[in-house]
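K.L.:
Starting off with a structure, shown below.
The values are calculated or read from the model by the stated rules, or taken from the named source; none is laboratory data. Please read all numbers here as calculations on a predicted model, not as lab measurements. Neighbour counts are summed over all protein chains in view; Cβ atoms, including those assigned to glycine, are modelled from backbone coordinates with ideal geometry.
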Amino acid sequence: MGKTEKAKKIGLTTKIFIALIAGAIFGIILCYLVPSGHVRDDIIVEGILYVIGQGFIRLMKMLVVPLVFCSLVCGSMAIGDTKKLGTVGVRTLIFYLFTTALAITVALTVGNIIDPGIGLDMSAIKTNAADVAQMEATSLTDTLLNIIPDNPVNSLASGSMLQIIVFALIIGVILAKLGDRAETVSNFFGQFNDIMMEMTMMVMSLAPVGVFCLISRTFANIGFSAFLPLGKYMIGVLLALAIQCLVVYLGLLKVFTGLNPIKFIKNFFPVMAFAFSTATSNATIPLSIDTLAKKMGVSKKISSFTIPLGATINMDGTAIMQGVAVVFAAQAFGIHLTMTDYITVIGTATLASIGTAGVPSVGLVTLTMVFNSVGLPVEAIGLIMGIDRILDMTRTAVNITGDAVCTTIVAHQNKAIDRSIFENAQ
Ligand code: ASP
């Protein structure tokens, strides 16, 4: 019995991993070995792969709003006192801001060592200047004001994560205060939360198929050739992402919690694979909360608050891409950046990361804000747009790993972690 259960658990993680590799290979075969035409392009790539892949993303998105809302109400109700909630909130915010600032510093350093924009053959690169012109980032004041929901029903309907967080926290605190007087509503949220967790498990069992289709379609569409002219930029971003993940996160985890970092990555891998194939932090929220509870022993009281918050405001991977992009654009256009410029970039990219929504490609939109702050031409964004998809996937995996590491540390500091679950997870 124990053995079968174990085999089942190993099953899903391994299946997702196999789906990632097999999807990439299948996509490359489609791109290079199958002649283009109606069958390949319309039936396989934009037909079957597109429908199944997008269908899977929609299923995951379907879970997000009800799950975040219910689990956050339950979480804040369980914590109850506002002081403790405040401490958790402040600690989480500090960790989120600190890791983001560190991420950009890593990116700027790696960028200056690799020199991604020097010796660039600009004619080999396709620009998307027209697309850049349409981009518009939200201003900082609006970002701040947008935290307060002016119509909570609207916030739920449109999936505005920060507004949902604020409203759910308030309801949870009030339910705790009212106690028995609001027992029916408390029970309702508790039971609805269980339903949503069960639904998450059901949708996740489809993950290998969804991941396979998403990855195959991406590779079938972009192949390798698009990467070559911007190879150094890509290597710079990937290297900085790897440093952030393997050195910064795992180092922080070891220092603050004493947990085994390798085991952490192993347990968390399915969530990273999911974020990678969808490039969407928001859709990853349910799986992240579930995995942290079942494999790391992190209490949902903490994660139901910190994970949706992180998916909305903590984008270390995105900040890294923006840091390397700044060095790249400055070099490609021969603009010299001073130390003050670099400090400005650290500040604005941290704010941009807060303003970046956890959906595909938004990091490119908020990049305009960072470029504007130091006077770099936004046309440079057109250069990197063509190859952004694969980087978007990778940085999203780092974005959500950062949320999970900070959550685990905050849970440890609040004694809301069951280490035996972490140690015994397979
Ligand atoms: N796709 C990223 C995310 O969802 C955001 C971005 O950098 O574009 O985390």
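K.L.:
Checking N260 against (1) crowded, with 24+ Cβ neighbours inside 10 Å; (2) among the polar types (S, T, N, Q); (3) away from the ligand (no atom under 14 Å from the Cβ): exactly one of these is not met. Which one?
P.N.:
(1)
K.L.:
Let me ask another. Check off (1) closer than 28 Å to E198 by Cα; (2) modelled with pLDDT of 90 or more for V65 and give me the number that stays unchecked.
P.N.:
For V65, the failing item is (2).
K.L.:
Among the numbered criteria (1) free of Cβ contacts under 8 Å to residues at least 60 places away in the same chain; (2) surrounded by 14 or more Cβ atoms within 10 Å (Cβ to Cβ), which one does I21 miss?
P.N.:
(2)
K.L.:
Could you check segment 275-306 and list, in sequence order, the residues that are among the hydrophobic types (A, V, I, L, M, F, W, C), over 10 Å from the mean Cα position of the chain (by Cα) and either assigned to a helix (DSSP H, G or I) or within 15 Å of V65 (Cα to Cα) (or both)?
P.N.:
Scanning segment 275-306 gives L287, I289, L292, A293, M296, I302, F305.
K.L.:
Moving to a separate point now. Can you find a residue in segment 79-91 that is in contact with a Pro (Cβ under 7 Å, 6 or more places away or on another chain), in contact (Cβ under 8 Å) with a residue 60 or more places away in the chain and crowded, with 22+ Cβ neighbours inside 10 Å?
P.N.:
no
K.L.:
Pull up segment 294-343, narrow it to residues that are of a type in the set (A, V, I, L, M, F, W, C) and without any contact (Cβ under 8 Å) to a residue 40 or more places away in the chain, then point me to the one that is nearest to A240 (Cα to Cα). Explain how you work it out, then say what you get.
P.N.:
If we filter segment 294-343 for residues that are of a type in the set (A, V, I, L, M, F, W, C), which is where we start, we get 296, 298, 302, 305, 307, 309, 311, 313, 315, 319-321, 324-330, 332-333, 335, 337, 339, 343.
Those left that are additionally without any contact (Cβ under 8 Å) to a residue 40 or more places away in the chain: 337, 339, 343.
Details: L337: 20, M339: 20, I343: 18 Å.
Looking at the filtered set, the residue picked out is I343.
K.L.:
Now for a different question. Please return the ranges of helices (runs of 4 or more DSSP H) entirely within segment 318-421 where 2 or more residues are more than 27 Å from G89 (Cα to Cα) and more than 16 Å from the ligand (Cβ to nearest atom).
P.N.:
339-355, 362-373, 379-385
K.L.:
Among the helices (runs of 4 or more DSSP H) lying completely within segment 170-269, list those that include at least 3 residues that are under 24 Å from L63 (Cα atoms) and in contact with a Cys (Cβ under 6 Å, 6 or more places away or on another chain).
P.N.:
Hits in segment 170-269: 183-204.
K.L.:
Pick out the one residue from A329, A349 that is surrounded by 22 or more Cβ atoms within 10 Å (Cβ to Cβ), small (G, A, S) and under 25 Å from T306 (Cα atoms). Walk me through how you get there before you give the answer.
P.N.:
Working: A329 fails: under 25 Å from T306 (Cα atoms).
Result: A349 is the single residue among A329, A349 that is surrounded by 22 or more Cβ atoms within 10 Å (Cβ to Cβ), small (G, A, S) and under 25 Å from T306 (Cα atoms).
K.L.:
Looking at segment 393-426, which of its residues are crowded, with 24+ Cβ neighbours inside 10 Å and charged (D, E, K, R)?
P.N.:
Hits for segment 393-426 are R395, D403.
K.L.:
Identify all residues within segment 307-317 that are assigned to a helix (DSSP H, G or I) and either within 13 Å of the ligand (Cβ to nearest atom) or at positive phi (or both); write none if there are none.
P.N.:
I307, P308, G310, A311, T312, I313, D316, G317
K.L.:
Further question: State all residues of segment 27-65 that are under 25 Å from the mean Cα position of the chain (by Cα), crowded, with 17+ Cβ neighbours inside 10 Å and of a type outside the set (G, A, S); if no residue qualifies, say none.
P.N.:
If the condition is that a residue be under 25 Å from the mean Cα position of the chain (by Cα), crowded, with 17+ Cβ neighbours inside 10 Å and of a type outside the set (G, A, S), then L49, I52, F56, I57, L59, M60, K61, L63, V64, V65 are the ones that fit.
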